[in-house]
Each structure stands twice: as C-alpha cells, then as structure tokens.
1. Condition first: under 14 Å from LEU206 (Cβ atoms), of a type outside the set (Ser, Thr, Tyr) and touching a Lys or Arg at 6+ places or on another chain (Cβ under 6 Å). Now tell me which residues in region 41-64 satisfy that.
2. Can you list the strands (runs of 3 or more DSSP E) lying wholly within region 1-74 that have 3 or more residues being touching a residue at least 24 places away in the same chain (Cβ under 8 Å) and either surrounded by 17 or more Cβ atoms within 10 Å (Cβ to Cβ) or of a type in the set (A, V, I, L, M) (or both)?
3. State all residues of region 81-94 that are assigned to a helix (DSSP H, G or I) and either out of contact with any helix residue (DSSP H, G or I) (no Cβ under 7 Å at 6 or more places or on another chain) or at pLDDT 90 or above (or both); if no residue qualifies, say none.
4. Before we move on, is THR36 among the hydroxyl-bearing types (Ser, Thr, Tyr), under 15 Å from the mean Cα position of the chain (by Cα) and under 30 Å from ARG239 (Cβ atoms)?
5. Filter region 186-226 for residues that are assigned to a loop (DSSP other than H, G, I, E, B) and farther than 18 Å from ALA240 by Cβ; which is modelled with the highest pLDDT?
Amino acid sequence: MAPVHRDLRLTAVGRRYGIRGPWVLRGVDLTVAPGTLTRIEGANGSGKSTLLRLLARLDAPTEGRITGRPRTAYVPERFPSALPFTAAGYLTHLGTVHGLGRTAAARAAHTWLERFGAGAYATTPMARLSKGSSQKVAVAQALLGDPELLVLDEAWTGLDAAARAELERAVAERTAAGGAVVFVDHDPRRLAGAPDATYTVTDGALRRRSERGGTADGPVTLVVAHGPAGVPLPPDAARAVVSAEETSPGRHRLAVLASHSDVLLRALLTARPPWHVVRVEPAGASPPDPGSRP
C-alpha cells in the first residue's frame with residue numbers, strides 16, 4: 001500500500017470573492033509538513049484569515065489547487081458562542097464526532113476544560129460564557145481530536161495569561177507529536193524563536209520572511225540532562241530545544257523556550273533508555289551559543 005502523504009500543499013492558489021471581485025490572494029505556493037510550526041504575518045486586511053481558511057479547507061481556492069488532507073482543526077478569530085450546548089456538552093458532542101465513545105469524549109472534554117482553567121464552567125450554557133471562557137472552549141474543541149494540522153487565527157485573543165501559556169504548551173505538544181501548526185497572532189513575541197518558518201502576506205502574495213532563528217526572543221528555560229555517552233538527543237527533544245551543548249560525555253546543557261519545557265522534559269524522561277534530568281533553571285536565563293543547535 002502506498003504511504004499516506006500528510007503534507008498540505010498550496011500550488012498557485014488564488015482567492016477572490018465574486019466573479020469580478022479583487023484578488024485577495026494570488027499565486028500562493030506553500031507546503032505545510034508534519035511536525036512544523038508556521039507563523040503567518042501581515043497587515044490587517046492583507047488576506048491572512050483568508051489563507052488560514054484555505055488551509056483549513058473551509059474555503060475553496062478560486063484558482064490553483066490544494067493537495068493533501070491532514071485531519072484538521074481550526075480556531076477562528078471569532079468563535080460562535082451562542083450554541084445550544086453547555087461547554088462540556090459541546091466538547092463531548094464533538095468528541096463523539098471525532099470517533100470517541102461518549103465516556104471517552106466526556107473525559108477528554110473535562111481534561112481540556114481543566115487544562116485551560118474553564119472546568120468551573122463545564123455546565124454553563126455556551127451563550128452565557130464570557131468572551132474569554134468562550135475562547136477557551138474554542139481552543140479546546142480544536143485540540144480535542146489530536147489534529148494532524150492545527151490552524152489558529154488569533155486564538156490567543158481573549159485568553160488570560162495562564163490559558164495563553166497553556167495554549168503555547170499545547171502547540172509544542174502538537175508539533176512534538178508530529179502534527180503541524182499554522183498560526184496568526186498580533187503579538188510579535190508569541191512563540192518567538194519557535195516557528196520553523198514565517199511568511200508575510202502582502203499585496204495578495206505570500207513571501208517567506210526568514211528561516212527559523214537560532215535564538216529565542218521569549219523566556220528560556222535551561223535544562224541540564226545526562227544520557228548515555230555517545231547517544232544523540234531523542235528526536236522530540238532535539239526538535240524542542242533552541243540550542244544544545246554537550247559539556248562532557250553524555251552530559252548536555254539544553255536551552256528551550258519556556259512554553260516548550262514540558263515537551264522537552266517528557267521527551268527526555270520517556271526516551272529508551274531514559275535520560276536523567278540533573279537540573280532545571282528558571283525561565284529567563286540566557287541560552288547558550290545558538291550555533292550548538294543539534
């Protein structure tokens with residue numbers, strides 16, 4: 001049987017609304033590969049949301065083609081909260097749509113609500129939720145089914161600080177698990193240093209702005225870990241770190257964005273054979289030389 005290709009590819013894609021409407025996007029080529037984090041930038045009205053809707057297969061291109069069908073979840077900029085469900089009821093319903101049994105779906109709904117600090121609102125009707133609580137449900141519904149492609153359009157807007165940090169951790173978990181994430185956010189510091197690629201939408205075209213940076217602009221955590229001599233970092237750990245330095249045989253000093261620290265620690269502790277975490281220094285420390293990235 002031929003392998004299933006999970007890449008999502010846009011080839012010469014254009015989108016306009018109406019037969020004679022102006023082109024919002026035209027000539028867009030983009031490949032979104034598994035395990036990657038992609039940031040989309042651009043001025044208001046430049047076509048960022050249109051591009052995300054194309055990636056999520058919510059809109060069809062006017063010209064060009066889109067190939068690949070990863071299992072996709074989408075968080076829109078504005079989530080329709082006036083739905084005839086409670087928060088938990090809505091998530092449980094979606095869990096069953098994703099193929100979970102009702103008990104498993106209810107358990108997953110509870111887990112995600114708790115992770116985003118919305119457990120107290122599980123039985124609250126969606127129409128009565130605040131904007132922030134509604135946004136937590138919007139994010140939870142996207143993560144519920146372990147998507148292969150997660151598309152986030154200003155998903156952090158309206159979330160409190162704890163929930164924003166939790167969403168960053170969830171993004172790191174998705175990419176570490178081999179999923180792809182594409183996001184737009186108005187804050188240039190969001191996941192700074194983490195994206196594998198950054199693109200700018202301008203004049204209807206998509207331009208790659210820069211390669212993945214070797215330094216992190218956000219808070220950094222330092223981890224000192226010891227593994228078998230001569231054994232490289234586990235792949236998920238190598239993908240998570242900003243930089244790495246082997247200070248002695250088997251002993252490594254790793255810098256990781258604070259939002260990705262849980263992913264790094266889990267990758268080290270679940271490796272076979274497992275690595276020993278010697279020390280974790282608090283966020284805000286300076287990373288080692290980026291040239292040492294594995």
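The values are calculated or read from the model by the stated rules, or taken from the named source; none is laboratory data. Nothing here was measured: the structure is a model prediction, and the numbers come from that model. Counting neighbours? That spans all protein chains shown, and the Cβs are built from the backbone with ideal geometry, glycine included.
1. Those that are under 14 Å from LEU206 (Cβ atoms), of a type outside the set (Ser, Thr, Tyr) and touching a Lys or Arg at 6+ places or on another chain (Cβ under 6 Å): GLY42, PRO61.
2. Output list reads 8-16, 23-32, 37-42.
3. Taking region 81-94 first, the residues assigned to a helix (DSSP H, G or I) are 87-94.
ALA87, ALA88, GLY89, TYR90, LEU91, THR92, HIS93, listed by residue number.
4. On the way: among the hydroxyl-bearing types (Ser, Thr, Tyr): yes; under 15 Å from the mean Cα position of the chain (by Cα): yes; under 30 Å from ARG239 (Cβ atoms): yes.
So THR36 fits the description; yes.
5. Filtering region 186-226 for residues that are assigned to a loop (DSSP other than H, G, I, E, B) and farther than 18 Å from ALA240 by Cβ, the one modelled with the highest pLDDT comes out as GLY204.
Conditions tested, residue by residue: (1) at pLDDT below 85; (2) under 19 Å from THR36 (Cβ atoms); (3) part of a helix (DSSP H, G or I).
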| site | (1), (2), (3) |
| --- | --- |
| ARG239 | yes, yes, yes |
| GLU246 | yes, no, no |
| ARG253 | no, no, no |
| SER259 | yes, yes, yes |
| ASP262 | yes, no, yes |
| PRO273 | yes, no, no |
| VAL280 | no, no, no |
| GLY284 | yes, no, no |
| PRO294 | yes, yes, no |
